[in-house]
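Chemist: Questions regarding the structure given below will be posed in turn.
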Amino acid sequence: MRLFAAVLPPPDAVAELSSAVGPLRSLPGAGRLRWTAPADWHFTLAFLGEVDEALLPALTERLARAAHRHPPHELRFAGAGRFDDRVLWIGADGDRTALRDLARSAAAGARRAGVEADGKHPFRAHLTLARATDPVPLRPYEEHLAGFSGAPWTVERLALVRSKLPASGVPGERPRYETVAEWGLGH
Ligand code: 2AM
């Protein structure tokens, strides 16, 4: 199964961000973007890819330990960005060091369970808001969100999420996410 470790923001923070993102949908090119659903929003800490089900017990054990070693910490949504003209995202402000440390622990824990996290890029806290298959000039989107800074919220849990890719082959159809397990930080 395809898995990733993530932080799932609470409903209030999601609703606030969703209100800020709504107006972007009327900017030029918005129709060519695939917008992620607020219910799916997350910060990926470690992308694990296809994981053999036999490794799941060891993986969950290691991720539980990683969660327990890190205290809850505060974040807010802030700082829009883009990867080329293909991915529009919102970043995090607040205790970003704690989030990065948690991400490192999750990746290290997964590795000890025999699951290699995608280590191509250094950890960069970002929540994907929209993706484009063919480039769309995303600078105006970034500028619209530049002044946005959400209310603080507390990262209380580490989640292991399953991503089910669409089988239909319908272009633009989104993967479905399912939380497999969650652990309270510092418990
Ligand atoms: P993205 O939002 O920047 O695409 C589920 O796919 C989550 O894992 C997404 O948040 C995605 O980040 C992240 N991810 C990180 N590395 C990935 C990879 N190699 N393939 C797919 N998703 C990846």
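The values are calculated or read from the model by the stated rules, or taken from the named source; none is laboratory data. Keep in mind that this is a model prediction, so the values were computed, not measured. Positions of Cβ are generated from backbone atoms using ideal geometry, with glycine treated the same way; all protein chains shown enter the neighbour counts. Heavy atoms of the whole protein, side chains included, go into the accessibility calculation; ligands, DNA and RNA do not. Shrake-Rupley method; radii C 1.70, N 1.55, O 1.52, S 1.80 Å.
Chemist: Quickly run through the stretch 82-94 and pick out the residues that are among the small types (Gly, Ala, Ser) and within 14 Å of the chain's Cα centre (by Cα).
Modeler: Hits for the stretch 82-94 are Gly91, Ala92.
Chemist: If the Cβ limit is 8 Å and pairs must be 6+ apart or interchain, which residue in the stretch 86-107 that is in contact (Cβ under 8 Å) with a residue 12 or more places away in the chain and open to solvent by 30 Å² or more (accessible area, probe 1.4 Å) pairs with which residue that is within 11 Å of the ligand (Cβ to nearest atom) and of a type outside the set (D, E, K, R)?
Modeler: Pairs found: Arg96/Ala125; Arg100/Phe123; Arg100/Ala125; Arg104/Phe123.
Chemist: I'd like to know if the stretch 158-172 contains one or more residues that are within 17 Å of Ala6 (Cβ to Cβ) and among the small types (Gly, Ala, Ser).
Modeler: Looking through the stretch 158-172, at least one residue is within 17 Å of Ala6 (Cβ to Cβ) and among the small types (Gly, Ala, Ser).
Chemist: Here's something else I'd like to know. Got a sec? Which strands (runs of 3 or more DSSP E) wholly within the stretch 1-114 have at least 2 residues that are within 13 Å of the ligand (Cβ to nearest atom), among the aliphatic types (A, V, I, L, M) and in contact with a helix residue (DSSP H, G or I) (Cβ under 6 Å, 6 or more places away or on another chain)?
Modeler: 43-50
Chemist: Can you go through Ala5, Ala15, Ala39 and tell me which one is closer than 30 Å to Glu116 by Cβ, of a type in the set (Gly, Ala, Ser) and out of contact with any strand residue (DSSP E or B) (no Cβ under 7 Å at 6 or more places or on another chain)?
Modeler: Every option except Ala39 fails the conditions.
Chemist: Can you list residue pairs whose Cβ atoms sit under 9 Å apart, with the first residue in the stretch 33-52 being farther than 26 Å from His70 by Cβ and hydrophobic (A, V, I, L, M, F, W, C) and the second being outside any strand (DSSP E or B) and within 13 Å of the ligand (Cβ to nearest atom)? Count only pairs 6 or more apart in sequence or on different chains.
Modeler: Leu33/Ala132; Ala37/Arg174
Yes/no matrix, rows are residues, columns are (1) within 19 Å of Gly94 (Cβ to Cβ); (2) open to solvent by 10 Å² or more (accessible area, probe 1.4 Å):
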{"position": "Asp12", "(1), (2)": "yes, yes"}
{"position": "Ala15", "(1), (2)": "yes, yes"}
{"position": "Thr36", "(1), (2)": "no, yes"}
{"position": "Glu61", "(1), (2)": "no, yes"}
{"position": "Leu75", "(1), (2)": "yes, no"}
